[in-house]
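Q: Got a structure here, written out as structure tokens. Questions coming.
The values are calculated or read from the model by the stated rules, or taken from the named source; none is laboratory data. Every value quoted in this text rests on a predicted model; they were computed, and no experiment measured them. For neighbour counting, all protein chains shown are included, and Cβ atoms are generated from backbone atoms with ideal geometry for every residue, glycine included. Ligands, DNA and RNA are excluded from the accessible area calculation, which covers all protein heavy atoms including side chains. Shrake-Rupley method; radii C 1.70, N 1.55, O 1.52, S 1.80 Å.
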Amino acid sequence: MAYDSSIVSIDAARLLTRIEQLGQIGRDKEDRLVRLAASDADKRGRDALVSWMKEANLEVVVDKVGNIFGIWRAPSEDDQAPIMVGSHIDTVINAGVYDGCYGVLSGIEVIQTLQKAGFVPSRPIVVAAFTNEEGVRYTPDMMGSLVYAGGLSVEDALASVGTDGSLLGEELERIGYAGSVEPGFLKPHAYVELHIEQGPVLEREGIQIGAVKNLQGISWQRITIEGVANHAGTTPISMRSDAGYAASRVISFLRDRATSSPTPTVATVGCISFEPNAINVIPSRAIFTVDLRDPNEHSLQAEEAALGAFLTDLAAAEGVKITTERMARFEPVTFDATIVEIVEAAAERHGLSYRRMTSGAGHDAQMIAHICPAAMIFVPSIGGISHNPREFTSEPDLVAGANVLLDVIGKLASEREK
């Protein structure tokens, strides 16, 4: 049977139930959702995911960095490259229930819906759950998809040291998800990721579907400023080498520059610490992170250069020493225009409002886009809140997004190589 969007729709109750069930796995004593990569909680989440994949009669494969794949083989593949859909199920600390998980579970739901409808795919359909997308316990983030796309070696990934001193490779072995298959064993024909927006744009504009056309570049740095500790009461302002004050000037510079920029540049200082961290001592050291993002590579490079020049001038003006460490750097990604158009057409068939948009957050799609055509589908996030237990997307929006994904995958899985 060929795919016919007019007679096929997902099982909303099944999808919503699985989202709720997965959202209960990994609750701590304070009822916070904490499912960090390769943890015991992550194992329980993975076990549930694998059981749902097997319920959908999928072949389950785990690669060497713990990426999980549920594969629906086409009756006659003729070496046709698969359609891949997915995201991740690891979380931040005190997370919401939708980030990442919605995309993976919707992928399984799409396959089960197509199977029930008697759809015969021209190529395999694969659901992927990538390891350590959040990057909370191990760095870098989006690790599983980065390795899969060839941007990081298996050996380096498995040797990653966690915030708790653990090694990723040993933890994957411990929880039973150290696979034997080489990452990249399947090269997709296309990749589509369904995700909550994690931002306020769709809700603010009253739009139901985001057809994501590109994704911002990301630059992460750790900056260390070294000054001189001294008495807060007896040291005149003009005689201070104040690492804390110097750090505050960097924060102000970043905010002022982003505010006045004609580009959609954003800048964030998300972590900061002072030493000796005493109320009556001038800080001798400030360590903080800088997160720069822009959808244009030239603009992102310009912001990095401007920050570097400012730090040089600041060190001289304030009598401090400043060093920087590159933590992560991802170039902006432009998604496949044809798939974006397919997303828009699917939304229109369902009578849903839609718009093209940029993703401000990083996603596995930006890694997989380096090896195949890719795109993303967004649904609204209430209040733009994410990485937070108040993260929320309404049930009608969740179902609408999954039905758009169903249409997109149905069309892509009907295509054969010419």
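Q: Given the condition of a type in the set (A, V, I, L, M), under 24 Å from the mean Cα position of the chain (by Cα) and farther than 28 Å from residue 16 by Cα, answer yes or no: does some residue in segment 329-336 qualify?
A: Yes: one or more hits.
Q: For segment 246-290, what are the residues that are within 24 Å of residue 305 (Cβ to Cβ) and of a type in the set (Ser, Thr, Tyr)?
A: 248, 252, 259, 260, 261, 263, 265, 268, 289
Q: Same structure again: I need a count of the residues in segment 238-286 that are open to solvent by less than 50 Å² (accessible area, probe 1.4 Å) and either under 26 Å from the mean Cα position of the chain (by Cα) or not assigned by TED's automatic domain parsing to the domain that holds residue 314 (or both).
A: Residues that pass the stated criteria total 7.
Q: Also, I was wondering about something else. Any residue in segment 345-359 that's surrounded by fewer than 17 Cβ atoms within 10 Å (Cβ to Cβ): show its pairings with residues that are at pLDDT 95 or above and among the basic types (Lys, Arg) at Cβ separation under 6 Å, as long as the two are six or more apart or on different chains.
A: As it stands, the answer is 356/213, since those pairs meet every condition given.
Q: Give the residues of segment 189-215 that are under 19 Å from the mean Cα position of the chain (by Cα) and not in a strand (DSSP E or B), sorted by residue number.
A: Correct list: 197, 198, 199, 200, 201, 202.
Q: Please work out if residue 186 is part of a loop (DSSP other than H, G, I, E, B), more than 30 Å from residue 315 (Cβ to Cβ) and within 30 Å of the chain's Cα centre (by Cα).
A: yes
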